[in-house]
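See structure below.
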Amino acid sequence: LHGLACALVWRLTRRLLNSDAVATCAALLFAVHPIHAEAVANVVGRAEVLSAVFMLLGLLVLLGGTRVTSAGRCLAAGALFFAALTAKETAICAPAVAIIVLYADARFATQRTWRWWGRTALLLALPVVVYLPLRYMALEGHLTRVAPPSRVMNPLVGYSLLAPKAEHIFGVLTIVGQYARLLVVPAKLCADYGYKVIAPSRSPSMMTIVGAGVMLATLVALAGFVQQRRGWRMVAALAAMFVASYVLISNTALIIGVTMAERLMYWPSVPVVMLVALGCVELWKRMGAMERASASTLRVIRLAGIVLLAALGLRSLARSVDWSSNEMLFRADLATYPQSVQLQVAMSDELIMKGRAMPPGPERDAVFLEAREHAEKARETASWSVEALQMCGAAAYFCGDRDEAVEFLELADQLAPLDDFSRKALAVARGTSRELIERIDVLRGRIETAPSAEAWVELGECLLDLGENGEALVAAESADRLAPHNLEASWLLARALVANDKLARARDVLRFVVDQDPDNWRAHMFLATVLVTKDAATALTHARRAVELAPDELESNYNLAEVLARGGHTAEAVRRFRYVQRNLLAPEAKLQRLIENRIAELQRR
């Protein structure tokens, strides 16, 4: 697939820039650039490659005629753009890129009227018009993710352009700078650029300054549209193609699942390599025309170009070897970015799985001990990370320290109620999983002979305790069908819906539970949690009510503090966190450090 993409990059460059030399240079750069190793060597990256292939094919179909682009070509290109969208949603930029490419194609400039442009734009937008309703149905009533991404994966979570802060602005510029570094000097590559490889900061770093410089250079390049010379207009078109392709992954208006990723640059790098190739060939031509440029000088420059391509190819080869296995990849990347929380968690998880497959003995114990060390490093860097706490609990369990395992997993469960991993691991660490499984078998037998809402509710409760959230939802829905509006069945259904991230339905069920049982503090707490991103004021009302009903409960008070923080009530959130520290926690409790870090984060904001 990558080889096909390279051939299509050659064809598109040749078609747009009318130069075999520029096309060859661009295709070679695209072929060997190390930033593409993640997309090509990693199976998940197949989505990026497929999307790019279909977009390139669509653009070539659009430009392939000897006459001005017809409606038929627009529809054929649109079908290919739709295929690109089904591979990766980032291909939603295809209509904008296509319009820019058509504008850059000067062959039929005089034959294009405003009416032609309007018709073409409408035809090219058809793939998006078809795709969005299908996506809405596939994601059960949403166009984007329901739950926010993990702060470990994307530390810009919680920031918004609606209320811009220095950390978000500098973060966006830092991402641009990091991508520029990867494109120009791809020596340090990594599978993770989350916390704390990139972390929000109130002060700019070197990469922030680089990013600002890149954005300024892009604006200068876009100014080429007002120039008369075709060369400058082509530079502007390539810059516009990059901007249209990059904006969705930039973490500006939309916060995506990751801060940045090398695979995401697969398609946006196409106009970049075109621009670099154009500059290199133009420079070569000018030097060849200079009398002072001797043949030996040109040979040295040619040799330098060959050496550069070879170096990029060797780096890509070495990086592809890193992707041979998870353990090899994580070790290589931790050597580059040991501060990465996600890599430490992933390494711990990989070592636990490796240890579980080994026979008992000293070697297995050493593997579990190393897993525990990586988990502890992740927790030391991000004590608030649920993933790090879960790995600490799992590693402690396999190292034989069950009490500490339970402590870590209980803390993870408090931070992420009904998380299936935490619940499953807690049941194992406490030694209750066997009892729960036996009870579940008994209840299923009872339901087969005499189904009742009560049996379904009890089965759902056991499944939730075991961390089997999907099966728990089936049980809850069965109970709700047998006894509509039964309070116990509705309460189980609400928790199962939350556990399965079906928050829209959960809100309605939780409102019913609160109306029927206004003294259920847990229902108020859950409703506050699911409302906080949609209706912060109402969420705060329910969070306060939960504390009124259960003033001495750690969960209700911690939830109120988080809802206050999410709603922008920073000072009150800090006071509530302090109250939890002083009155509801032992001085040596592990949650103390987590809250201290959360307070420090809020005070920085």
* So ASP508 clears everything in (1) of a type in the set (D, E, K, R); (2) under 30 Å from GLY568 (Cα atoms); (3) in contact (Cβ under 8 Å) with a residue 12 or more places away in the chain except one condition, right? Which one? -> (3)
* Which listed residue, of ALA138, ALA180, is over 30 Å from LEU389 (Cβ atoms) and in contact with a helix residue (DSSP H, G or I) (Cβ under 9 Å, 6 or more places away or on another chain) -> ALA180
* open to solvent by less than 50 Å² (accessible area, probe 1.4 Å), of a type in the set (D, E, K, R) and assigned to a helix (DSSP H, G or I) - does that describe any residue in region 297-307? -> no
* In region 240-284, what count of residues is obtained for those that are farther than 26 Å from VAL43 by Cα, crowded, with 22+ Cβ neighbours inside 10 Å and of a type in the set (Gly, Ala, Ser)? -> 2
* Structure fact -> Checked pairs for region 116-131, first in contact (Cβ under 8 Å) with a residue 24 or more places away in the chain and part of a helix (DSSP H, G or I), second among the aromatic types (Phe, Trp, Tyr) and open to solvent by 40 Å² or more (accessible area, probe 1.4 Å), C-beta under 9 Å and 6 or more apart or across chains, list as LEU126/PHE82; PRO127/PHE82; VAL128/PHE82; VAL130/PHE82; TYR131/PHE82
* Asked: Of ALA310, ALA289, which residue is open to solvent by 20 Å² or more (accessible area, probe 1.4 Å), small (Gly, Ala, Ser) and either at pLDDT 95 or above or in contact with an Asp or Glu (Cβ under 9 Å, 6 or more places away or on another chain) (or both)?
  -> ALA310
* Report whether or not LEU85 is in a helix (DSSP H, G or I), of a type outside the set (Gly, Ala, Ser) and open to solvent by 60 Å² or more (accessible area, probe 1.4 Å). => no
* Could you check, for region 92-103, whether at least one of its residues is modelled with pLDDT under 90 and farther than 30 Å from LEU189 by Cα? => yes
* To do: Of all residues in region 334-345, count the ones that are over 19 Å from MET391 (Cα atoms) and touching a residue at least 12 places away in the same chain (Cβ under 8 Å).
  => 2
* To do: Scan region 470-490 and report the pairs whose first residue is basic (Lys, Arg) and at pLDDT below 95 and whose second residue is open to solvent by 20 Å² or more (accessible area, probe 1.4 Å) and not in a loop (DSSP other than H, G, I, E, B), with Cβ atoms within less than 9 Å and a gap of 6+ or a chain change.
  => ARG481/TRP456
* Structure fact -> In region 358-381, anything open to solvent by 90 Å² or more (accessible area, probe 1.4 Å) and either farther than 9 Å from ALA395 by Cβ or small (Gly, Ala, Ser) (or both) is listed as PRO359, PRO360, PRO362, GLU363, ASP365, LYS377, GLU380
* Out of all the residues in region 37-52, which are open to solvent by 40 Å² or more (accessible area, probe 1.4 Å) and in contact with a His (Cβ under 7 Å, 6 or more places away or on another chain)? -> VAL40
* **Selection count, region 229-251, where residues are under 13 Å from VAL101 (Cα atoms) and among the charged types (D, E, K, R)** => 1
* Asked: Do you know which residues across region 385-400 are farther than 11 Å from VAL345 by Cβ and in contact with an Asp or Glu (Cβ under 7 Å, 6 or more places away or on another chain)?
  -> ALA396
* Mind checking whether some residue in region 218-233 is crowded, with 23+ Cβ neighbours inside 10 Å, out of contact with any Ser or Thr (no Cβ under 7 Å at 6 or more places or on another chain) and either within 27 Å of MET153 (Cβ to Cβ) or not β-branched (Val, Ile, Thr) (or both)? -> no
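To keep it simple, each residue is scored yes or no on (1) open to solvent by less than 60 Å² (accessible area, probe 1.4 Å); (2) not β-branched (Val, Ile, Thr).
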position	(1), (2)
ALA425	yes, yes
ARG444	no, yes
ALA450	yes, yes
CYS462	yes, yes
ALA472	yes, yes
ALA483	yes, yes
LEU492	yes, yes
ARG495	yes, yes
VAL498	yes, no
* Is there any pair linking a residue in region 240-268 that is closer than 19 Å to THR218 by Cα to one that is assigned to a loop (DSSP other than H, G, I, E, B) and open to solvent by less than 10 Å² (accessible area, probe 1.4 Å), with Cβ under 6 Å and at least six apart or on different chains, and which? -> PHE242/PRO268; SER245/PRO268; TYR246/PRO268; ASN251/LEU156
* Asked: Is region 155-163 home to any residue that is more than 30 Å from LEU17 (Cβ to Cβ), touching a Phe, Trp or Tyr at 6+ places or on another chain (Cβ under 8 Å) and at pLDDT 80 or above?
  -> yes
* Could you list, in sequence order, the residues of region 134-146 that are open to solvent by 60 Å² or more (accessible area, probe 1.4 Å), more than 20 Å from ALA77 (Cα to Cα) and not in a loop (DSSP other than H, G, I, E, B)? -> TYR136, MET137, ALA138
* Output yes when any residue across region 185-200 is among the aliphatic types (A, V, I, L, M), out of contact with any Phe, Trp or Tyr (no Cβ under 7 Å at 6 or more places or on another chain) and over 24 Å from PHE242 (Cα atoms), and no when none is. => yes
* Asked: Is one or more of the residues making up region 53-76 within 29 Å of the chain's Cα centre (by Cα), surrounded by fewer than 19 Cβ atoms within 10 Å (Cβ to Cβ) and of a type outside the set (A, V, I, L, M, F, W, C)?
  -> no
* To do: Taking the residues in region 88-111 that are touching a residue at least 40 places away in the same chain (Cβ under 8 Å) and of a type in the set (S, T, N, Q) as candidates, determine which candidate is surrounded by the most Cβ atoms within 10 Å (Cβ to Cβ).
  => THR90
* Quick one: in region 147-179, of everything that is of a type in the set (S, T, N, Q) and in a helix (DSSP H, G or I), which residue is surrounded by the fewest Cβ atoms within 10 Å (Cβ to Cβ)? => GLN178
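The values are calculated or read from the model by the stated rules, or taken from the named source; none is laboratory data. Predicted model only: the values in this text are computed from it and were never measured. Cβ: placed from backbone, ideal geometry, glycine included. Neighbour counts: every protein chain shown. The protein model used for the area step is the full one, side chains on, heavy atoms only, and it has no ligands, DNA or RNA in it. Shrake-Rupley method; radii C 1.70, N 1.55, O 1.52, S 1.80 Å.
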